[in-house]
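There's a structure below that I have some questions on.
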Amino acid sequence: MTESNERRVVSVIVINEASVLSRITNLFSGRGYNITSLTVAPIPDTKYSRLTIVTAGSVRVIEQITKQLHKLVPVLRVYEHCDMVEKEMALVKFPVTENLTDIDTLCRAYNGKIVNSSENVVIAMVADEPQRVDNFLTVIKRYNPKEIVRSGAVALER
Amino acid sequence: MQISGAQMVIEAFIAEGVTTVFGYPGGAIMNVYDEIYKQDGFEHILTRHEQAAVHAAEGYAKASGKVGVAMITSGPGFTNAVTGLADAYMDSIPLVVISGQVPMSLIGTDGFQEIDAIGISRPCTKHNYLVTDAKDLPRILKEAFYIANSGRPGPVHVDIPKDVTAQIEEFNYDIELDLETYKPHIKGNPRQIKKAMEAIAKARRPLFYLGGGIINSNAAYEVRELVQKTQIPAVETFMARGVLSYDDPMLISMLGMHGSYAANMAMSETDLVIALGARFDDRVTGKLSEFAKGADIIHVDIDPASISKLVNADYPIVGDVKSVVEDMLESVNLVDSTRYEGWRETIANFDELHPLMYHEDSERIKPQWVIERVGQLLGDDANISTDVGQHQMWAAQFYPFSRPRQWISSGGLGTMGFGFPAAMGVKVAAPEKVSINFTGDGSILMNVQELMTAVEKKIPVINIILNNNYLGMVRQWQTLFYDKRHSETDLSVQPDFVKLSEAFGGIGYRVTTKEEFDAALKDAVEKNVVAFIEVMVERHENVMPMVPAGGSLFNMMLLEKKETK
Ligand SMILES: Cc1cc2nc3c(=O)[nH]c(=O)nc-3n(C[C@H](O)[C@H](O)[C@H](O)COP(=O)(O)OP(=O)(O)OC[C@H]3O[C@@H](n4cnc5c(N)ncnc54)[C@H](O)[C@@H]3O)c2cc1C
Ligand SMILES: Cc1ncc(C[n+]2csc(CCOP(=O)(O)OP(=O)(O)O)c2C)c(N)n1
Ligand SMILES: [Mg+2]
């Protein structure tokens, strides 16, 4: 059996109720699974929320994670994605003194643009596959980014 | 009907058929205790420690199959109860545990006796609730009882702030539960079951691996029928003792770390494991990569997360073991029971080579003799609880269990202090049987205050203390694996156990010979009050055979051979 640590994206539909998020994060920490990123928001016009969890583990670990998640009483459904559309957003703050044309061009290549500017800084936004967001963040290093925030991934099965 | 939250708790208990509540009062739960005072629908038993209240509820649940109920106050009352919750969680015991909480307005302020109870209980309960509005209370209580005793059973904790127990609302318990996110799977997939039966029919050396899930599911008699009809040998886990009767010719013994040689060899040689409600615990499997190597695995479990968690299942069947075994019986004629004759013989030879036994080679009584003797004298008439340690393993190995729910012991958490309060719960659930607690000189002191409860409520538990003046199980590991450095395990300094029991109003015996033991047990059964029978046993006896932690099942340390019996 191979114990390779594969990256995996799991979506969880839960009932919106107090402490449901801590049930899920407790499960991960208590059983020694890791969370690379986690996003959560209510599903419009329902009593549910949807979490997208990026994690890593062997096939067996991922199988246990989905089963253990499913066992939690407020969990309605667990999807372990194989064929999905996955996106992540990043916001980056640059000094206005950097080459804004270059930055803008780069952002556009990654589904983004400059979304805000003030006296000293501009804020750029990109939204793309997490892997491509990684690339973007490497490329823009030379423009002295002041602050970076990533949203964590969201995913939908095709 | 407009009633307070506290009254709702009482009404819900009565509607659920609760007859006994084990508990301990305090500030935050006082509203409920006030209602307990006024009612006569159930009995409340005041234990002398909250941990004991939960263990007593566990014993009650295990012996009766009903949900055990415990009640405690906030803060220290709750934290004292946590060990019991964890114990019930590990062993899949259905409980509803109600705790008081500080009023809503004080939550989050570090109020007096405030602790984040549901934060603490979350990892050691099947589910838990903080009730923030008495309007939700009927539904939550109904869900709590349902969740506790359906699917894979487990403890459910309900934390109720004091103002919620005072709040007056409409009470209606006739609610249809609609838990769309919680739907235990009962019926096994018929095609998988058929395939499993075909695999059994084709196997040469199949082996039943029987687990505690059979007891949970009340399926022991169906399993007995399946075993009888197929004539396939069976091993039991520690939690499954009593599924088959000790004298069933197909029963090899317990397997695992302290399982018999034949049971462990059978598991090592089998070509098809038929796991029914067992969870491949590390105490059972030893080294995983060598466990049942070469065998296919049929795994029936109600909890999908138990299947292929540790050992990959070739025939996974999610469902209630009772329902699945009933379905298996439908096609049992596929199986030719004469086919396994050679296999049964092989196992009989294993057993002859290294039977489960001990040597009578000491001046002092051997602890195993005590277990066997109680088996001879009381047998089916006793329910057997234990504490944790060597005495527990000897009880599992040597007691002649004849029925399910006769055996009550802390397997998953291994909680010293479990035995005495659990045996009280057992006695309350099954008053017609003698309630024995086999305990150690270490363990008994961990809930010894329950003498008071047993005296007050006339719960005649007989505690048989196998006194080896050691934390024996730890001493054994030190002897075997730590070069005999007996660090902090010598219990030479001891209380006078007879006087201790008498100080509370119980009775006590100190026994050094077999004749004295017989007389003490007979007397204790007749007197029908809580008793300590302290048996001075051989100090250096080890539990054998033994698979060292992480070792392979076929690589056991065995009892030395001797000429004498
Ligand atoms: C000092 C010490 C030594 C020990 N040594 C041993 C040893 O040598 N051998 C041994 O066996 N144990 C030993 N144990 C006990 C061990 O730790 C485990 O508690 C035990 O092996 C688990 O038994 P089980 O697999 O039957 O599972 P249980 O804990 O009884 O779990 C039951 C399983 O059945 C499932 N289930 C529940 N209800 C149903 C249902 N209705 N239908 C279908 N499935 C259901 C559950 O999902 C679960 O997977 C020892 C414990 C201690 C403290
Ligand atoms: C609460 C708790 N603390 C510690 C342990 C570790 N432990 C397991 S067995 C044992 C010794 C038990 O001694 P005793 O009750 O005298 O039983 P014996 O093994 O001597 O029969 C200990 C300390 C435990 N299981 N539970
Ligand atoms: Mg001892």
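Are there any pairs with C-beta distances below 7 angstrom linking a residue in the range B:207-219 that is more than 16 Å from ligand 2 (Cβ to nearest atom) to a residue that is aromatic (Phe, Trp, Tyr), with the two at least 6 apart or on different chains, and if so which?
Hits for this filter: zero, empty list.
If you check B:Ala203, B:Ala219, B:Ala199, which single one turns out to be surrounded by 24 or more Cβ atoms within 10 Å (Cβ to Cβ) and either among the aliphatic types (A, V, I, L, M) or over 21 Å from the mean Cα position of the chain (by Cα) (or both)?
One residue alone meets the criteria, B:Ala219.
Would the range A:81-94 turn up any residue that is in contact with a strand residue (DSSP E or B) (Cβ under 7 Å, 6 or more places away or on another chain), part of a helix (DSSP H, G or I) and not aliphatic (A, V, I, L, M)?
If we filter the range A:81-94 for residues that are in contact with a strand residue (DSSP E or B) (Cβ under 7 Å, 6 or more places away or on another chain), which is where we start, we get A:81, A:83-94.
Next cut, part of a helix (DSSP H, G or I) only: none.
Checking the range A:81-94: not a single residue is in contact with a strand residue (DSSP E or B) (Cβ under 7 Å, 6 or more places away or on another chain), part of a helix (DSSP H, G or I) and not aliphatic (A, V, I, L, M).
Are any residues in the range A:123-143 among the β-branched types (Val, Ile, Thr) and touching a residue at least 24 places away in the same chain (Cβ under 8 Å), and if so, which ones? So that I can check it myself, show each step before the final result.
So the first thing to find is which residues in the range A:123-143 are among the β-branched types (Val, Ile, Thr), and the list is A:123, A:126, A:133, A:138-140.
Within the range A:123-143, A:Ile123, A:Val126, A:Val133, A:Val139, A:Ile140 qualify.
Quick one: is B:Val530 crowded, with 21+ Cβ neighbours inside 10 Å and either more than 16 Å from ligand 1 (Cβ to nearest atom) or modelled with pLDDT under 95 (or both)? Give the steps one after another, and end with the answer.
Details: crowded, with 21+ Cβ neighbours inside 10 Å: yes; either more than 16 Å from ligand 1 (Cβ to nearest atom) or modelled with pLDDT under 95 (or both): yes.
Judged against the criteria, B:Val530 is a match.
Need the failing condition index for B:Val388 against (1) within 16 Å of ligand 1 (Cβ to nearest atom); (2) part of a helix (DSSP H, G or I), just the number.
So B:Val388 meets the others, but not (2).
Next question, about the same structure. Look at the range B:254-280 and say how many of its residues are at positive phi and either more than 7 Å from ligand 1 (Cβ to nearest atom) or of a type in the set (A, V, I, L, M, F, W, C) (or both).
If we filter the range B:254-280 for residues that are at positive phi, which is where we start, we get B:256, B:277, B:280.
Narrowing the set further to residues that are either more than 7 Å from ligand 1 (Cβ to nearest atom) or of a type in the set (A, V, I, L, M, F, W, C) (or both) leaves B:280.
Qualifying residue count, the range B:254-280: 1.
Just wondering, is there one or more residues in the range B:398-416 that are crowded, with 24+ Cβ neighbours inside 10 Å, at positive phi and not in a helix (DSSP H, G or I)?
No, every residue in the range B:398-416 fails to be crowded, with 24+ Cβ neighbours inside 10 Å, at positive phi and not in a helix (DSSP H, G or I).
Residue-wise test of (1) of a type in the set (D, E, K, R); (2) under 24 Å from the mean Cα position of the chain (by Cα); (3) more than 16 Å from ligand 3 (Cβ to nearest atom).
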{"site": "B:Pro304", "(1), (2), (3)": "no, yes, yes"}
{"site": "B:Ser308", "(1), (2), (3)": "no, yes, yes"}
{"site": "B:Asp320", "(1), (2), (3)": "yes, yes, yes"}
{"site": "B:Ser323", "(1), (2), (3)": "no, yes, yes"}
{"site": "B:Val332", "(1), (2), (3)": "no, no, yes"}
{"site": "B:Gly342", "(1), (2), (3)": "no, no, yes"}
{"site": "B:Glu352", "(1), (2), (3)": "yes, no, yes"}
{"site": "B:Ser362", "(1), (2), (3)": "no, no, no"}
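So, in the range B:476-501, of the ones that are part of a helix (DSSP H, G or I) and within 15 Å of ligand 1 (Cβ to nearest atom), which residue ends up surrounded by the most Cβ atoms within 10 Å (Cβ to Cβ)?
First pass over the range B:476-501, keeping only residues part of a helix (DSSP H, G or I): B:476-481, B:497-501.
Adding the requirement that they be within 15 Å of ligand 1 (Cβ to nearest atom) leaves B:476-478, B:480-481.
On the way: B:Gln476: 21, B:Trp477: 15, B:Gln478: 18, B:Leu480: 13, B:Phe481: 11.
By that ranking, first place goes to B:Gln476.
Ok, one more. Going by the conditions given, is A:Ile114 at pLDDT 95 or above, within 18 Å of the chain's Cα centre (by Cα), of a type outside the set (Ser, Thr, Tyr) and in a strand (DSSP E or B)? Walk me through how you get there before you give the answer.
Numbers: at pLDDT 95 or above: yes; within 18 Å of the chain's Cα centre (by Cα): no; of a type outside the set (Ser, Thr, Tyr): yes; in a strand (DSSP E or B): yes.
No; evaluated as a whole, the condition is false for this residue.
Could you grab me the full set of residues in the range B:169-191 that are more than 14 Å from chain A (Cβ to nearest Cβ) and either within 30 Å of the chain's Cα centre (by Cα) or charged (D, E, K, R) (or both)? Break it down into steps so the answer makes sense when it comes.
As a first pass, look at the range B:169-191 and keep what is more than 14 Å from chain A (Cβ to nearest Cβ): B:169-176, B:186-191.
Scanning the range B:169-191 gives B:Glu169, B:Glu170, B:Asp174, B:Glu176, B:Ile186, B:Lys187, B:Gly188, B:Asn189, B:Arg191.
Restricting to the range A:61-103, count the residues that are within 12 Å of chain B (Cβ to nearest Cβ) and of a type outside the set (A, V, I, L, M, F, W, C).
9
Need the failing condition index for A:Val54 against (1) surrounded by 13 or more Cβ atoms within 10 Å (Cβ to Cβ); (2) within 13 Å of chain B (Cβ to nearest Cβ), just the number.
For A:Val54, the failing item is (2).
Here are B:Trp394, B:Trp369, B:Trp407: which of them is within 17 Å of B:Arg539 (Cα to Cα), within 14 Å of ligand 1 (Cβ to nearest atom) and modelled with pLDDT of 95 or more?
None of the others qualify; the one that does is B:Trp394.
What are the pairs, 6+ residues apart or on separate chains, where a residue within the range A:19-32 that is over 10 Å from A:Ile65 (Cα atoms) has its Cβ under 6 Å from a residue that is not in a loop (DSSP other than H, G, I, E, B)?
Once the first residue is over 10 Å from A:Ile65 (Cα atoms) and sits in the range A:19-32, its partners that are not in a loop (DSSP other than H, G, I, E, B) give A:Val20/A:Val14; A:Asn26/B:Arg122; A:Asn26/B:Pro123; A:Gly30/B:Pro123.
Could you list, in sequence order, all residues of the range A:16-39 that are within 10 Å of chain B (Cβ to nearest Cβ) and surrounded by fewer than 17 Cβ atoms within 10 Å (Cβ to Cβ)?
A:Glu17, A:Ala18, A:Ser19, A:Ser22, A:Asn26, A:Ser29, A:Gly30, A:Arg31
Quick check on my filter: what residues within the range A:124-141 are among the aliphatic types (A, V, I, L, M) and touching a strand residue (DSSP E or B) at 6+ places or on another chain (Cβ under 6 Å)? Let's see the steps before the verdict.
As a first pass, look at the range A:124-141 and keep what is among the aliphatic types (A, V, I, L, M): A:124-127, A:133, A:137, A:139-140.
Result: A:Ala124, A:Met125, A:Val126, A:Ala127, A:Val133.
If a residue has to be within 10 Å of ligand 3 (Cβ to nearest atom) and in a helix (DSSP H, G or I) to count, how many in the range B:455-475 make the cut? Before the answer, list the steps.
Narrowing the range B:455-475 to residues within 10 Å of ligand 3 (Cβ to nearest atom): B:465-475.
Now drop any that are not in a helix (DSSP H, G or I), which leaves B:472-475.
Qualifying residue count, the range B:455-475: 4.
Just name the residue that is surrounded by the fewest Cβ atoms within 10 Å (Cβ to Cβ) out of those in the range B:122-145 that are more than 11 Å from chain A (Cβ to nearest Cβ) and not aliphatic (A, V, I, L, M).
Keep residues of the range B:122-145 that are more than 11 Å from chain A (Cβ to nearest Cβ), which gives B:133-135, B:137-142, B:145.
From the residues that got through so far, the ones that are not aliphatic (A, V, I, L, M) too are B:133, B:135, B:138-139, B:142, B:145.
Working: B:Asp133: 13, B:Lys135: 15, B:Pro138: 22, B:Arg139: 16, B:Lys142: 18, B:Phe145: 22.
So, considering only residues that are more than 11 Å from chain A (Cβ to nearest Cβ) and not aliphatic (A, V, I, L, M), the one surrounded by the fewest Cβ atoms within 10 Å (Cβ to Cβ) is B:Asp133.
Also: Do we find a residue being within 11 Å of ligand 2 (Cβ to nearest atom) and free of Cβ contacts under 8 Å to residues at least 12 places away in the same chain anywhere in the range B:459-472?
No, every residue in the range B:459-472 fails to be within 11 Å of ligand 2 (Cβ to nearest atom) and free of Cβ contacts under 8 Å to residues at least 12 places away in the same chain.
Right, something else. Here is a list: B:Glu58, B:Glu43, B:Glu50. Which entry is acidic (Asp, Glu) and surrounded by fewer than 22 Cβ atoms within 10 Å (Cβ to Cβ)?
On the way: B:Glu58 fails: surrounded by fewer than 22 Cβ atoms within 10 Å (Cβ to Cβ); B:Glu50 fails: surrounded by fewer than 22 Cβ atoms within 10 Å (Cβ to Cβ).
Result: B:Glu43 is the single residue among B:Glu58, B:Glu43, B:Glu50 that is acidic (Asp, Glu) and surrounded by fewer than 22 Cβ atoms within 10 Å (Cβ to Cβ).
Scan the range B:322-337 and give yes if some residue there is within 16 Å of ligand 2 (Cβ to nearest atom), under 23 Å from B:Arg241 (Cα atoms) and charged (D, E, K, R), otherwise no.
Within the range B:322-337, the first condition is being within 16 Å of ligand 2 (Cβ to nearest atom), and the residues that meet it are none.
Within the range B:322-337, not a single residue is within 16 Å of ligand 2 (Cβ to nearest atom), under 23 Å from B:Arg241 (Cα atoms) and charged (D, E, K, R).
Return the pair list, or none, for Cβ contacts closer than 9 Å from residues in the range B:170-198 that are assigned to a loop (DSSP other than H, G, I, E, B) to residues that are surrounded by fewer than 11 Cβ atoms within 10 Å (Cβ to Cβ) and at pLDDT below 95, at least 6 apart or on different chains.
B:Phe171/B:Met1; B:Asn172/B:Met1
Further question on the same structure: Which residues, taken from the range B:364-391, are hydroxyl-bearing (Ser, Thr, Tyr) and within 16 Å of ligand 3 (Cβ to nearest atom)?
Keep residues of the range B:364-391 that are hydroxyl-bearing (Ser, Thr, Tyr), which gives B:385-386.
Within the range B:364-391, just B:Thr386 meets the criteria.
Are any of the residues in the range B:434-449 in contact (Cβ under 8 Å) with a residue 60 or more places away in the chain, of a type outside the set (Phe, Trp, Tyr), within 13 Å of B:Phe22 (Cα to Cα) and assigned to a helix (DSSP H, G or I)?
no
Conditions: (1) closer than 20 Å to B:Gly212 by Cα; (2) buried (at least 24 other Cβ atoms within 10 Å of the Cβ); (3) over 11 Å from the mean Cα position of the chain (by Cα). B:Val374 meets all but one. Number of the miss?
(1) is the only condition that B:Val374 fails.
Let me ask something else. Scan the range B:35-51 for residues that are part of a loop (DSSP other than H, G, I, E, B) and closer than 11 Å to B:Pro421 by Cα and jot them down.
In the first step, residues of the range B:35-51 are kept if they are part of a loop (DSSP other than H, G, I, E, B); the result is B:39-42, B:47-49.
Scanning the range B:35-51 gives B:Thr47, B:Arg48, B:His49.
Which members of the range B:522-565 meet the condition of being of a type in the set (Phe, Trp, Tyr) and assigned to a strand (DSSP E or B)?
Step one: list which residues in the range B:522-565 are of a type in the set (Phe, Trp, Tyr), which gives B:532, B:554.
Matches in the range B:522-565: B:Phe532 only.
At least 3 residues that are among the small types (Gly, Ala, Ser) in each: list the strands (runs of 3 or more DSSP E) lying fully within the range A:1-62 that qualify. Steps first, answer last, please.
Numbers: elements: A:6-15, A:34-42, A:48-57.
Hits in the range A:1-62: A:48-57.
The values are calculated or read from the model by the stated rules, or taken from the named source; none is laboratory data. On a predicted model such as this, the values are computed, not experimentally measured, just so you know. Glycine gets a Cβ as well: all are built from the backbone with ideal geometry, and neighbour counts include every protein chain shown.
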